[in-house]
Amino acid sequence: MSTVVAVVNPKGGVGKTTTAINLAASLAAIQRPTLLIDMDPDGACEVGLGFSRSAIHGGLFDVFSGRATLSATIHQTSLPYLHFTPSNIRTSEEEMQFAEAATDRRLMRDLLTGNIRDAYDFIILDCPPTLANLTVNALVAADTTLIPVNPGQFTVKAIIRLVKLIRIIRDKKINENLTVAGFLITMFDARTRISAQIERDMRAMFKHLVLQTMIPMNARVNEANYRGEPVITYDSQCAGAQAYLNLTLEVLYRLGFTPRRRGSVALGAETPT
Ligand SMILES: Nc1ncnc2c1ncn2[C@@H]1O[C@H](COP(=O)(O)OP(=O)(O)OP(=O)(O)O)[C@@H](O)[C@H]1O
Ligand SMILES: [Mg+2]
């Protein structure tokens, strides 16, 4: 039975997609079968994973439109334990239809059942930068949330709106077991006072909910995105990759898991069992 993690923050450009890709890739690297689903019409995950348009054979939009099953939209990535469903939106009309289909807020949850949940240890949902229907779908389907926060463009307002929405979804028993795995400080720049200040404020405000791991501002992370590769495979030794590997262990620990095989990574061409 998989754990579904929604990577969510209504603020744009905070590192949601980068975190979703690298958390998913790191889980796959320690041999946890993982499915990454792009719920953002923007489709940044497919770029970040190096998929060309011609390599995409359907996505979540096709599933929401009733043209495909979720299983039929699952793509193998270059990491043996990592599978991927793109959003597969190509026009603004499709984007509108995608959002409209998502007015049924239980659509995603109903898709993540049975075989799909048995096939993966983790399902990671990359959310769009809004709290509209697609994000609500993700929150209704998820077991837990990971909330990236970029000190460079920090606004408490966005976080408060998100926390309120999570509370409503729980209190109205739409998804009463939804938890917050943690706030993740991304693009942390140790040279700036603002990063340190926001870290202090976040830890004072949200206490243990702020993860110990912080993702540093690191040009290799940006480069890896541009080259269409998770940073953990692009340059496994760089500070960004190491931080994402640490994040993965911290998230596993917080969710009550222990690494299956310590130090065991699967970056090569093995087949998931
Ligand atoms: N640790 C990092 N160091 C340097 N650049 C980073 C880092 N993390 C992310 N970036 C860059 O910041 C930009 C925004 O990141 P990303 O796309 O992951 O954010 P997002 O929250 O998904 O954005 P959106 O809300 O638009 O979907 C990207 O260009 C990405 O390459
Ligand atoms: Mg994104």
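Laboratory data are not the source of any read-out in this text; all were calculated from the coordinates shown. The structure presented is a predicted model; accordingly, all values stated were derived computationally and were not measured. Note: ideal-geometry Cβ built from the backbone for every residue, glycine included; neighbour counts use all protein chains shown.
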Inter-part distance where segment 98-161 and segment 175-200 are each reduced to a Cα centre, Å: 18 Å
Stokes-Einstein D for segment 1-155, Kirkwood Rh over Cα pairs, 10 °C, 1.306 mPa s (µm²/s): 104 µm²/s
Segment 117-183, relative contact order [Cα under 8 Å, separation at least 6], %: 40 percent
Mean Cβ neighbour count within 10 Å, used as a protection proxy, ranking 48-61, 242-255 highest first: 242-255, 48-61
Burial order of peptide ranges 13-19, 112-118 (average beta-carbon count within 10 Å, highest first): 13-19, 112-118
For the chain: Kirkwood Rh in Å [reciprocal of mean 1/r, alpha carbons]: 18.5 Å
Assigned charges on the beta-carbon of Lys, Arg, Asp, Glu; the chain dipole about Cα centre (debye): 980 debye
Length-normalised contact order of the chain in % [C-alpha pairs under 8 Å, at least 6 apart]: 28 percent
Length added when fully stretched, THR192-ARG67, from 0.36 nm per residue minus Cα-Cα: 40.1 nm
Amide H contacts of GLN212 (H built 1.01 Å from N, under 5 Å, at least 5 apart or other chain): none
Packing-based ranking, highest mean first, of 187-197, 101-111, 28-38 given that Cβ atoms within 10 Å are counted: 28-38, 101-111, 187-197
Cβ-based net charge around ASN177, under 14 Å, with every Lys or Arg adding one and every Asp or Glu removing one: +2
Extension reserve of the GLU223-ARG53 stretch, reckoned as 0.36 nm per residue once the Cα distance is removed: 59.2 nm
